[in-house]
1. Which condition breaks for Gly144 when tested against (1) within 20 Å of Pro128 (Cα to Cα); (2) crowded, with 22+ Cβ neighbours inside 10 Å?
2. Looking only at segment 55-82, which residues are touching a Gly at 6+ places or on another chain (Cβ under 7 Å) and at pLDDT 95 or above?
3. Of all residues in segment 194-239, how many are within 24 Å of Gly129 (Cα to Cα) and of a type in the set (Gly, Ala, Ser)?
4. Give me the pairs: first residue in segment 33-48 and within 10 Å of Leu71 (Cα to Cα), second residue buried (at least 23 other Cβ atoms within 10 Å of the Cβ) and among the polar types (S, T, N, Q), beta-carbon distance under 7 Å, and six or more apart or on different chains, which are they?
5. Being without any contact (Cβ under 8 Å) to a residue 24 or more places away in the chain, within 18 Å of Gly156 (Cα to Cα) and of a type outside the set (A, V, I, L, M, F, W, C) is the filter here, so list the residues in segment 70-99 that pass it.
6. Would you check which residues across segment 106-146 are in contact (Cβ under 8 Å) with a residue 60 or more places away in the chain, in a helix (DSSP H, G or I), more than 24 Å from Arg40 (Cβ to Cβ) and not hydroxyl-bearing (Ser, Thr, Tyr) and list them?
7. For segment 177-202, what are the residues that are closer than 18 Å to Phe59 by Cα and among the aliphatic types (A, V, I, L, M)?
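The values are calculated or read from the model by the stated rules, or taken from the named source; none is laboratory data. Everything numeric here is computed off the predicted structure, so don't read it as measured data. Positions of Cβ are generated from backbone atoms using ideal geometry, with glycine treated the same way; all protein chains shown enter the neighbour counts.
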Amino acid sequence: MRNTTRRRRMNAPLRSVALDDKYTVETGRIFLTGIQALARLPMLQRDRDLAAGLNTAGFITGYRGSPLGGLDQAQWKAKAQLAAHHIRFQPGVNEDLAATSIWGTQQVNLFPGATCDGVFAMWYGKGPGVDRCGDVFKHANSAGTWKHGGVLAVAGDDHAARSSTVAHQSEHAFKAAMMPVLAPSGVQEYLDLGLHGWALSRYSGCWVAFKALADTVESSASVDISPDRVQIVIPTDYQLPADGLNIRWPDPPLTQEARLLNHKLY
């Protein structure tokens, strides 16, 4: 019986494989690097939003730097697939201008004329780039995110300075900005925790940091790409403020601080 099963597997026709599978296969397993997973992640978010009845758009911007030096190239190569998912990739002039433009995406639905239900956004930069964004991170995180938007801030950390001019670790800067931090341990978790990160950002109103270590972002693995693989459970046992936790206008600074310290972060 065992030999018969083995022969059937050996004689089964092989699935056709193409280089674009990493961005076009809609379910099942594909082979990805960490960089490619970050490029595919926004497409998964758009697919999940559509399945939930949301007409969202995506925006990706940042500034290249090791170990995320190849992310912009991956985004350019996936330009057609990103456009089909209503996702715009625009590299930043520098890290803080890129972060400021992402702050703007969360304000789209505060004003008349919005053409989508929200914009989910991804910022990326290396460790020293995180340091120079402290001003924007603190202001934008205090202001909050849109309920159907959300922000993921991806920091490329090179602890051993293997391909960087300085060793860097970004958690301290993110904590100073009162941003929760996710630390994926492998390529599959780049997808899984990335989706959780946007859900967390939408629920809490926080920008969510995402730590991309050189050890993981430069690795590769066979991963499950199915959009419904991740089951996200929204808390039901916490009493939210009557006006919620998301961005609004007008919003005085001390009101923002009270909301951040009393509800969003803790």
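1. All conditions are met except number (1).
2. Thr56, Thr61, Gly62, Tyr63, listed by residue number.
3. Residues meeting the conditions: 8.
4. Close Cβ pairs satisfying both conditions: Ala39/Gln75.
5. Asp72, Gln73
6. Residues satisfying the conditions are Leu110, Pro128, Phe137, Ala140, Asn141, Ala143.
7. Within segment 177-202, Leu191, Leu195, Ala199, Leu200 meet the criteria.
Every residue, every condition in (1) assigned to a strand (DSSP E or B); (2) modelled with pLDDT under 95; (3) among the basic types (Lys, Arg), yes or no:
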site: His148; (1), (2), (3): no, no, no
site: Trp198; (1), (2), (3): no, no, no
site: Cys206; (1), (2), (3): no, no, no
site: Ala209; (1), (2), (3): yes, no, no
site: Asp215; (1), (2), (3): no, yes, no
site: Val223; (1), (2), (3): yes, no, no
site: Tyr238; (1), (2), (3): no, yes, no
site: Ile247; (1), (2), (3): no, no, no
